[in-house]
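We did not get these values from a lab; they are worked out from the coordinates using the rules stated. This is a predicted model, so every value here is computed, not measured. Because the Cβ atoms are built from the backbone with ideal geometry, glycine has one as well, and the counts that use them run over all protein chains shown.
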């Protein structure tokens, strides 16, 4: 009788082979999410980072990595101007969106702790 409870593991060798030719960033290059973000911006500043539907304009809005980095820097300046320092908590109550990612990435860079407040709560 065949064992149907077996789960095929396809990681890490199979996953690496499936990504041959992709510009992947390994652990030796980036140890944190912030380092990973900065390395992606450095490697592909004009590459598509995020795409989000704008219901008001009825169209998709796409940001490249350089645009995302610029907006993340604006959030970092705002956090610093508010006097926030490493370890301080910042809360966000917003729908899932690019804006959430920008806020979160800026907070990570400064060592802030993000406290998510979900809109459904």
Taking a spot 7 Å from the Cα of residue 51 along the direction of its beta carbon, which residues of the stretch 86-119 have an amide N less than 20 Å from it? 96-102
Considering Cα pairs under 8 angstrom that are at least six residues apart, work out the relative contact order of the stretch 25-116 and quote it in whole percent. 25
Of the peptides 95-103, 54-62, 82-90, how do they stack up when ordered by the mean number of other Cβ atoms within 10 Å, highest first? 95-103, 82-90, 54-62
What does the C-alpha gyration tensor say about the overall shape of the stretch 64-108? Classify as rounded when a/c is under 1.5, otherwise prolate if a/b is larger than b/c, or oblate. oblate
Once you have the Cα-Cα distance between residue 96 and residue 67, take 0.36 nm times their residue separation minus that, and quote the gain in nm to one decimal. 8.6 nm
In square nanometres and to one decimal, what's the mean projected area of the convex hull around the Cα atoms of the stretch 25-116? 6.7
